[in-house]
Amino acid sequence: MIQNNGGEYGKYIIQDLHDPQVGTPEFREMYKRFSNRILWVDDSVCPGAFQMNTAWYYAVPEKDPVFEEHSHDSDELIGFIGSDPDDPYNLNAEIVVSINGEDHLLTKSSIIFVPAGLPHARISIKRVDRPVFHFSVVTSRSYDNGAYGK
């Protein structure tokens, strides 16, 4: 048995953060004060892979909204998952997410499907009582036209 990401096919197992360095240096510093990015994968990390980001959100950021509304040329899934194993549907947080200018207050664990071209994800994190697991998956080889700005 091969342990972790060794062997011929271990290159497909991502276990270390390859920080994408997205956004301005100021944004990256602010991001670290309310979240902890866990893993990121895209074509530059694993050739042929589509893009996925994972992070824990654990505080309310000083910037509101923390992410601006944007769109992609590919479909996206965005997830916010509560961390209470005894009550997994309780987000234990309040997060406002926009979809084409329509604001939705999330208080339950959620997965949002965003079709290509649909403006989305002006995100405001209003309250965090327990860490929230966040992920996003864009079905293109890299993250483009995103909420992180220039």
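Before moving on, here are some points about what is shown:
- In range of the label at THR24: residues from the range 108-150 whose backbone nitrogen is under 20 Å from the point 7 Å along Cα→Cβ: 122-125, 144-150
- Protein heavy-atom accessible surface, 1.4 Å probe, per residue over the chain: 56 Å².
- For the range 23-62, backbone nitrogen atoms closer than 17 Å to the point 7 Å from GLN15 Cα along Cα-to-C-beta are found at 38-41, 46.
- The number of Lys pairs in the chain with C-alpha atoms less than 21 Å apart, excluding pairs fewer than 8 positions apart on the same chain, is 6.
- Cα extents of the range 1-83 along the three principal axes, largest first (Å): 47, 29, 28
- Rounded Å value of the spacing that divides the Cα centres of the range 1-70 and the range 97-150: 15
- Sites GLN3 and ARG130 - FRET efficiency at Förster radius 41 Å, r taken between beta-carbons, to 0.05: 0.80
- Sulfur and carbon atoms: percent of accessible area, the chain [1.4 Å]: 52
- Take every pair of alpha-carbon atoms less than 8 Å apart whose residues are at least six positions apart; their mean separation over the length of the chain yields a relative contact order of 29 percent.
- Between helix 25-34 and the chain there is an angle of about 80 degrees, using the helix long axis and the longest principal axis of the Cα atoms.
The values are calculated or read from the model by the stated rules, or taken from the named source; none is laboratory data. Keep in mind that what you see is a predicted model, and the values were worked out from it rather than measured. All Cβ positions, glycine included, derive from the backbone under ideal geometry; neighbour counts span all protein chains shown. Accessible surface areas use protein heavy atoms only, side chains included; no ligands, DNA or RNA. Shrake-Rupley method; radii C 1.70, N 1.55, O 1.52, S 1.80 Å.
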